Amino acid sequence: MHHKVVVIGSGPAGLTAALYAARASLEPLVIRGLQPGGLIATTNEVENYPGFPESIGGFELYENMEKQAERFGTQFLDAIVEKVNLSQRPFVLETDAGEMVTADTLIVSTGASPRKLGVPGEEKLANRGVSYCATCDGFFFRDKRVVVVGGGNSALDEGLFLTRYVSELIIVHRRDELRADSVLQERAFENSKVRFVWDSVVTEVLGEERVTGVRLQNAKTGEKSVLEADGVFPYIGHVPNTSLFAGQLDMDETGFLLSDGRTRTNIPGVFVAGDVVDHVYRQAITAAGDGCKAAMEATWFLAEQEHAEKKARQGESVAPAIS
Ligand code: NAP
């Protein structure tokens, strides 16, 4: 399986890259990855993606993007890339199903995953009361008491979604001030189902077969307490999905890939887009913008290569087609 452009990841960055590459007649392949649609597909409602004045469901936005990319010739592969060899072109990718894919250019848009609390009980009780996706699992917590951890946009947005189902939502935040946008803060403060526990961290998720509560510690006083709950939704940020590229692509100390500002990486022909490179904005719209840039860079890169190869065949040495 050989493609001129292979995109790893199918969130807004990857699908926008595919749309642009497809419209440049490059017939890109998108390898969908572990979470088709990326984080946006697990988001309940998207109110800040331009063009949807009444908001749009995250999954619907993903489906629209995929259909649009497909319409211009994008191909899709439901697989997870397990190995990459970027030491020479074409690049070689190996999927979990053992398929080998080669690529003249690669667009890395593998996104980010929810950061774990890293406390005892969290792993054991995953999917048994611990969830990182309110949109996917909220329904199972009808009339239950649920804890959301974090004070950012995700915690409030997803927490407010959970109030459709739960009897009580307790937001545990490590400070006494929220990071979330003021519009979300106002909605949370006005919602009678929402209560805040300030200056507190979760030190353990409690329960044997299912979550029964969390152990808390006050960050200021050190006081310990137990909060009974049927579910825990940690929303404490994200970590970039970059381990696949360790030792090949340059990354910072927290694992975000590095680019030169034009989506180009340390390896010519490999481009990056979206949450995997952006630790500042992390919005669907900025990821989509990155995807557009990465595809345009890949298109120019391929044109330059073709131009150089053609001239080499003619025995000439030439200046690059695009500088
Ligand atoms: P975030 O903005 O980084 O917020 C993470 C929250 O978790 C912060 O309140 C942080 O506390 C807390 N936290 C971090 N590590 C922690 C730990 N170990 N223990 C306890 N608490 C911890 O992440 P996010 O909310 O996932 O948002 C990510 C990006 O997506 C942002 O750019 C956000 O704007 C965007 N987003 C936007 C929307 C929207 O526009 N509707 C919705 C969702 C997400 P501190 O505040 O003390 O640092």
Residue within the stretch 80-98 that is within 16 Å of the ligand (Cβ to nearest atom) and either acidic (D, E) or open to solvent by less than 60 Å² (accessible area, probe 1.4 Å) (or both) present: no
Scan of the stretch 150-182 for residues that are open to solvent by 10 Å² or more (accessible area, probe 1.4 Å), within 14 Å of the ligand (Cβ to nearest atom) and not in a loop (DSSP other than H, G, I, E, B), ordered by number: N153, S154, D157, E158, L160, F161, S182
Condition broken by E122, with the remaining ones in (1) open to solvent by 70 Å² or more (accessible area, probe 1.4 Å); (2) touching a residue at least 24 places away in the same chain (Cβ under 8 Å); (3) over 26 Å from H3 (Cβ atoms); (4) of a type in the set (D, E, K, R) satisfied: (1)
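In this structure, is A312 of a type outside the set (F, W, Y), modelled with pLDDT of 95 or more and assigned to a helix (DSSP H, G or I)?
no
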Filtered residues of the stretch 248-274 (kept if out of contact with any helix residue (DSSP H, G or I) (no Cβ under 6 Å at 6 or more places or on another chain), touching a residue at least 60 places away in the same chain (Cβ under 8 Å) and under 28 Å from N48 (Cβ atoms)): V272
Cβ pairs under 6 Å, 6+ apart, first in the stretch 74-102 and over 15 Å from V5 (Cα atoms), second β-branched (V, I, T) and assigned to a loop (DSSP other than H, G, I, E, B): D96/I80
Subset of the stretch 225-250 [assigned to a loop (DSSP other than H, G, I, E, B), more than 16 Å from the ligand (Cβ to nearest atom) and surrounded by fewer than 21 Cβ atoms within 10 Å (Cβ to Cβ)]: D230, A246, G247, Q248, D250
Output for the stretch 111-149, where each listed residue is closer than 23 Å to Q185 by Cα, of a type in the set (A, V, I, L, M) and either modelled with pLDDT under 95 or more than 11 Å from the ligand (Cβ to nearest atom) (or both): A134, V146, V147
Count of residues meeting criterion [within 16 Å of R175 (Cα to Cα) and either open to solvent by less than 20 Å² (accessible area, probe 1.4 Å) or not assigned by TED's automatic domain parsing to the domain that holds I170 (or both)] in the stretch 205-224: 1
Failed criterion for G237 (all others in (1) farther than 30 Å from T265 by Cβ; (2) modelled with pLDDT under 95 hold): (1)
Of the criteria (1) in contact (Cβ under 8 Å) with a residue 24 or more places away in the chain; (2) under 16 Å from A288 (Cβ atoms); (3) surrounded by fewer than 22 Cβ atoms within 10 Å (Cβ to Cβ), which one I56 fails: (1)
Checklist (1) in contact with a strand residue (DSSP E or B) (Cβ under 7 Å, 6 or more places away or on another chain); (2) open to solvent by 30 Å² or more (accessible area, probe 1.4 Å); (3) over 27 Å from V92 (Cβ atoms) applied to V46, failing item: (2)
Within the stretch 116-139, tally of residues that are more than 18 Å from the chain's Cα centre (by Cα) and farther than 18 Å from T43 by Cβ: 13
In the stretch 187-204, the residues that are within 13 Å of the ligand (Cβ to nearest atom) and either farther than 16 Å from P234 by Cα or surrounded by 20 or more Cβ atoms within 10 Å (Cβ to Cβ) (or both): R187, A188, S200, V202
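The values are calculated or read from the model by the stated rules, or taken from the named source; none is laboratory data. Treat the numbers as computed from the prediction; the structure is a model and nothing was measured. No Cβ is skipped: glycine too gets one built from the backbone with ideal geometry, and neighbour counts run over all protein chains shown. For the accessible areas, the whole protein counts, side chains as well, though only heavy atoms, and no ligand, DNA or RNA atoms are used. Shrake-Rupley method; radii C 1.70, N 1.55, O 1.52, S 1.80 Å.
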